[in-house]
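Comments concern the structure below.
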């Protein structure tokens, strides 16, 4: 018997969490990026959390990981075509968030500018 999955739930599971959209956005600005570049550009993320999030994004086909045979090891990350397809969705979510925050009288703390 085939398992049925709600498309919205699937999307939320892929993109959920505090960091994934920030990583995707940073890779949409400049790609490829090395690990340390991502760590510096995603404010507040720890190296361990960045590693975990990058593995999830790669496993789900949203980014590619390209290792180089250098010492020390160098790895570059880029968005896939599927990863780039999320940018318009992120922009719409951002606009909705701005409106909702204004309705609640909240100020924007971090704006990735998607």
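Numbers for the structure displayed
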read-out	value
Residue in region 23-37 that is in contact with a strand residue (DSSP E or B) (Cβ under 9 Å, 6 or more places away or on another chain), crowded, with 16+ Cβ neighbours inside 10 Å and over 21 Å from residue 85 (Cα atoms) present	yes
Verdict on residue 9 being in a helix (DSSP H, G or I), in contact with a helix residue (DSSP H, G or I) (Cβ under 7 Å, 6 or more places away or on another chain), under 25 Å from residue 94 (Cβ atoms) and free of Cβ contacts under 8 Å to residues at least 60 places away in the same chain	no
Selection within region 51-71 - at pLDDT below 95 and in a loop (DSSP other than H, G, I, E, B)	69, 70, 71
Matching residues in region 45-79 - criterion: being free of Cβ contacts under 8 Å to residues at least 24 places away in the same chain and touching a helix residue (DSSP H, G or I) at 6+ places or on another chain (Cβ under 9 Å)	46, 47, 51, 61, 64, 65
Output for region 12-38, where each listed residue is in contact (Cβ under 8 Å) with a residue 40 or more places away in the chain and outside any helix (DSSP H, G or I)	31, 32, 33, 34
Region 39-50 - residue that is outside any helix (DSSP H, G or I) and surrounded by 17 or more Cβ atoms within 10 Å (Cβ to Cβ) and, of those, nearest to the chain's Cα centre (by Cα)	42
In region 72-91, residue nearest to residue 38 (Cα to Cα) [restricted to those that are modelled with pLDDT of 90 or more and exposed (fewer than 11 other Cβ atoms within 10 Å of the Cβ)]	81
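The values are calculated or read from the model by the stated rules, or taken from the named source; none is laboratory data. Keep in mind it's a predicted model, so treat the numbers as computed, not measured. We place every Cβ from the backbone using ideal geometry, glycine too, and count neighbours over all the protein chains shown.
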